[in-house]
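See structure below.
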Amino acid sequence: MNTTVNTNPLVSIVIPCYNGELFVKKSIESALEQTYKKIELIIVNDGSKDKTYDEINSCKNESVTIINKPNTGVSDSRNIGMQHVTGEYILFLDADDVLEPDFLEKRVEILEKDKSLDFCTGEIIWIDENDQLIKMPKKQFGIYENTVLNVAAFNPVFSTCPSAYLFRFSTIKKKHVLFNTKISSPADRYFILELGYGAKGDYVKQGGKLLYRINTHSMSHLFSKKLIFDQENYFYEVLKHNLLRPHEKAILIKKMSYQMFASFFKLKMYKSSLFYLSKYLKSFFL
């Protein structure tokens, strides 16, 4: 392993999993096969009803801890996983994503060189259910600069996919950040907003990519009332807890109001659609 990292801090990888029998073993194996070896895996089986536990258990070794619990959602699963973390760094790996072998090595090297950094991210590559590369409109990265603004603005160049980020765990503990259990699909966006304006990040310039699975059966890729209500909850939770300064708040209101207008219109929920259309038009005067 060619690296300039002088110490070997422990990296904790939390994998929440619900009915993930098709892909979770590949995710676990990609973590265990990292060139950076000082890791612990905390796999939270969120009340799966398929063969997820069997798949997880087949990968078990001294680095792996399995937590079985009733189904309470991905945010609660990540929070429970955090309670068992002993590492200096933490990665929230989704149970269908895959890490390139040098994913951790590259991030740990950057974070160890600059102790002022709170997280490190990198390039994201899309794959389908068959592990085939999906053509992307342009390169996509985790957010590493102007973090709050880019989250609020839904900048398409950046992704908040938690699997792409290695966080310094002391920052999370210091800021008392948890995943919001009232939301699911956008919980990663909310988490990064909770880290706030002071959080400092960097990115891997070469290598260390995340293979992000575009699973057409997952909640985040199926248009449904459940998903739209989840997005709506995210919108109001951000406003309720005052996570944004006035400029970013105005951007979020404009973006989310239009999104909600279009989504509810598609669902033929016209009363809600008109409400958000009105909110969107008013946003031009904020």
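Please treat every number below as a calculation from the coordinates, not as lab data. These numbers come from a predicted model, not from an experiment. All Cβ positions, even for glycine, are placed from backbone atoms using ideal geometry, and neighbour counts span all protein chains on display.
What the table below lists for this structure:
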{"read-out": "Spatial separation of Cα centroids for region 110-139 and region 44-72, in angstrom", "value": "25 Å"}
{"read-out": "Approximate spin-label separation Asn242-Ile125, in nm, with each point projected 7 Å along Cα-to-Cβ", "value": "4.5 nm"}
{"read-out": "Across Lys38/Lys113; Lys38/Lys60; Lys225/Lys282; Lys249/Lys282; Lys175/Lys200, pairs whose alpha-carbon gap is larger than 20 Å", "value": "Lys225/Lys282"}
{"read-out": "Hz values of 3J(HN,Hα) by residue in region 197-213 - Karplus curve (6.51, -1.76, 1.60), Gly and Pro given as x", "value": "5, x, 5, 10, x, 9, 9, 6, 7, 8, x, x, 7, 9, 9, 9, 7"}
{"read-out": "Taking the C-alpha atoms of region 11-213, convex hull volume expressed per residue in Å³", "value": "111 Å³"}
{"read-out": "Cα-based shape type of region 128-172, given that a ≥ b ≥ c are square roots of the gyration tensor eigenvalues and the cut on a/c is 1.5", "value": "oblate"}
{"read-out": "Proximal lysines relative to Lys135, as straight alpha-carbon distance under 16 Å, when same-chain residues fewer than 8 apart are discounted", "value": "Lys209"}
{"read-out": "For region 39-48, 3J(HN,Hα) per residue [Karplus equation, 6.51 cos²θ - 1.76 cosθ + 1.60, θ = phi - 60°, Hz, x = Gly/Pro]", "value": "9, 10, 10, 10, 9, 9, 7, 8, x, 4"}
{"read-out": "Region 225-285 shape via C-alpha gyration tensor axes, a/c threshold 1.5", "value": "oblate"}
{"read-out": "For the chain, calculated [θ]222 nm from helices alone, where every DSSP H run of n ≥ 4 adds -39500 (n - 2.57)", "value": "-11000 deg cm²/dmol"}
